[in-house]
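Scroll down for the structure; my scribbles are underneath it.
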Amino acid sequence: MKRRLAAILCALLLAVSALPAASALEGEDLRAADTLATLGLIDGTYDLTAPATRAQAAALLVRLAGGEAAAAADTWISGFRDVPAAITDEVDYAAHQGWVTGVTTVEFRPGEPLTANAWAAFLLRMLGWSDRDGDFAVSDAAAFAQRVGLFSAAYSGVLTQGDLFETAADALSFSFRDGSGTVARRLVDRGAVSRAAANALGLLTPVLTARQAADRCSAAVIRLDTYETEKYWEEGEVTAEASAFFITADGLAVTNCHSIENSVRATATLSTGDVYPVESVVYYDAGIDIAVIRISKTALKGHDTTEFACLDIAPSGTGDLRTGDTVYAIGNPLGLGLAVSAGVISALERQVDRYELPCVMSTADISEGSSGGALLNVYGQAVAVTTGAYVYGNSMYLAVPIDPVLSADLTGEGQSLSAVSEALRAEA
């Protein structure tokens, strides 16, 4: 508790010292508007602080889909009686595709303020999710969009035009659910956006800055709280904190084996604050310090979900990762919540006594609680699992290679945490 209290006090001091910079992100909505305008996806004048409307959302949605020409050629009529002629093509086309719905069967209410849930539902449907099939609920659409990584922040209530543009700009780098590519890539392929403009904005390059990695990948990283006994679980007394990250949308997550040892229960907390129980351990190997756990989709706190954001895996042993490459670490240092750090690979095959496989060493900062977090390459792919550091070194942080997970059998139901803990004690 003393360590935890000291860490919290330190965090509070840092927060207070950072207050003068609270306006540092002002202008993000203008940057997003400039991005969309450069691509020809918005035009005219706008007031970034004014409420966005459903009409603006429908028009922007069709443009994000590269569907302007198709909308002009579509003769299907939605039956909405209140849509002005200027946006009839867009609203009718979006309704025909099943992306938008009216407030009633005959009213779209184009001038009505746009809510975060309505806009999230429009975007999710366009990207391939379906509320009719139970993928998400409209009443939870904004939170679901954040859980799967479409929204990089929490949005609720009525959106401003600036909010609309920011989320639309973020969506340009998001992939369609069927894996056919990103929104920006499809716009270029359809000729709706020039390749030169998309390239100039960095939308076609897979290389991510630290900020982009944080925006796009944090939703897939979780805080892992573990409990040593059923009594601690019943009393809500967390006995250890660690990190993990999803590798499949249905709830498989990678962490360190040592993160779950001596545990009978564990919970996973997303960046949204939703909390889910750990159901089982489907794979573990103490020698290489890796475990794969299954996370329930039924929430203990917050909202149930149908899927999670997840990270792609890029094996560190393929030769694509080299000494000097930039990497990003995302985890839960000191149990204070998700944090991102950047560094470079300083060694790829560092022999460490406690591990059976050579470790990846980098300068991307990690701390106690980061165990089980993701070490990412500049493409946002997990290349290793953050695990520890040399106590007497500087910027000598260790991660175990994730390669063994690719060949592991992850199809079984797995074992309970208590059973794995007993097995690990027996092996020690």
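Here are some notes:
- The test for being modelled with pLDDT of 95 or more, of a type in the set (Val, Ile, Thr) and over 19 Å from the mean Cα position of the chain (by Cα) holds for Val188.
- So Ala220, is it among the aliphatic types (A, V, I, L, M) and out of contact with any strand residue (DSSP E or B) (no Cβ under 9 Å at 6 or more places or on another chain): no
- Any hit, the range 213-226, residues being β-branched (Val, Ile, Thr) and either assigned to a loop (DSSP other than H, G, I, E, B) or more than 27 Å from Gly388 (Cβ to Cβ) (or both): no
- Scope the range 191-207; condition within 24 Å of the chain's Cα centre (by Cα) and among the hydrophobic types (A, V, I, L, M, F, W, C); matching residues: Ala198, Leu201, Leu203, Leu204, Val207
- Residue that is within 30 Å of Ile293 (Cα to Cα), touching a helix residue (DSSP H, G or I) at 6+ places or on another chain (Cβ under 9 Å) and buried (at least 17 other Cβ atoms within 10 Å of the Cβ), where the choices are Ala184, Ala192, Ala198, Ala171: Ala171
- Summed over the range 39-53, residues that are within 17 Å of Glu68 (Cβ to Cβ) and either surrounded by 15 or more Cβ atoms within 10 Å (Cβ to Cβ) or in contact (Cβ under 8 Å) with a residue 24 or more places away in the chain (or both) total 4.
- Failed item, numbered, when Ala65 is tested on (1) crowded, with 17+ Cβ neighbours inside 10 Å; (2) farther than 22 Å from Ser173 by Cβ; (3) not polar (S, T, N, Q): (2)
- Hey, Glu90 among the acidic types (Asp, Glu) and crowded, with 19+ Cβ neighbours inside 10 Å or not: yes
- Within the range 360-399, the residues that satisfy the criterion of being of a type in the set (A, V, I, L, M, F, W, C) and either out of contact with any Pro (no Cβ under 9 Å at 6 or more places or on another chain) or within 16 Å of Ile260 (Cα to Cα) (or both) are Met361, Ala364, Ala374, Leu375, Leu376, Ala382, Val385, Ala389, Val391, Met396, Leu398, Ala399.
- Complete set of residues in the range 103-115 that are buried (at least 22 other Cβ atoms within 10 Å of the Cβ) and under 27 Å from the mean Cα position of the chain (by Cα): Leu114
- Among the conditions (1) at pLDDT below 95; (2) surrounded by 22 or more Cβ atoms within 10 Å (Cβ to Cβ); (3) touching a Leu at 6+ places or on another chain (Cβ under 6 Å), Phe245 misses just one, which is (1).
- Of all residues in the range 51-82, those being farther than 14 Å from Asp92 by Cα and in contact with a Gly (Cβ under 9 Å, 6 or more places away or on another chain) number 3.
- Only a single item in (1) touching a residue at least 40 places away in the same chain (Cβ under 8 Å); (2) of a type outside the set (Asp, Glu); (3) surrounded by fewer than 16 Cβ atoms within 10 Å (Cβ to Cβ); (4) in a helix (DSSP H, G or I) is not met by Lys231, and it is number (1).
- The criterion of being among the aliphatic types (A, V, I, L, M) and either surrounded by 14 or more Cβ atoms within 10 Å (Cβ to Cβ) or part of a strand (DSSP E or B) (or both) does not hold for Leu406.
- The residues of the range 342-364 that are in contact (Cβ under 8 Å) with a residue 40 or more places away in the chain and crowded, with 21+ Cβ neighbours inside 10 Å, listed by number, are Cys359, Val360.
- Any chance Gly369 is at pLDDT below 85, within 27 Å of the chain's Cα centre (by Cα) and under 16 Å from Thr255 (Cβ atoms): yes
- Positions within the range 92-142 being aliphatic (A, V, I, L, M), in a loop (DSSP other than H, G, I, E, B) and closer than 20 Å to Ala154 by Cβ, in sequence order: Leu114, Ala137
- For the range 252-290, the set of residues classified as touching a residue at least 60 places away in the same chain (Cβ under 8 Å) and of a type in the set (Gly, Ala, Ser) consists of Ser259, Ser263, Ala266, Ser271, Ser280, Ala286, Gly287, listed by residue number.
- Summed over the range 242-281, residues that are closer than 25 Å to Ala426 by Cβ and of a type in the set (Asp, Glu) total 2.
- Count of residues meeting criterion [surrounded by fewer than 20 Cβ atoms within 10 Å (Cβ to Cβ) and small (Gly, Ala, Ser)] in the range 248-258: 1
- Within the range 259-270, the set of residues being surrounded by fewer than 24 Cβ atoms within 10 Å (Cβ to Cβ) and not in a strand (DSSP E or B) comprises Glu261, Asn262, Val264.
- Residue check, Gly149 of a type outside the set (Asp, Glu), farther than 23 Å from Ala50 by Cα, in the same structural domain as Leu61 (by TED's automatic domain parsing) and touching a residue at least 12 places away in the same chain (Cβ under 8 Å): yes
The values are calculated or read from the model by the stated rules, or taken from the named source; none is laboratory data. None of the values given here were measured: they were computed from a predicted structure. Every residue, glycine as well, gets a Cβ built from its backbone with ideal geometry; the counts of neighbours run over all protein chains shown.
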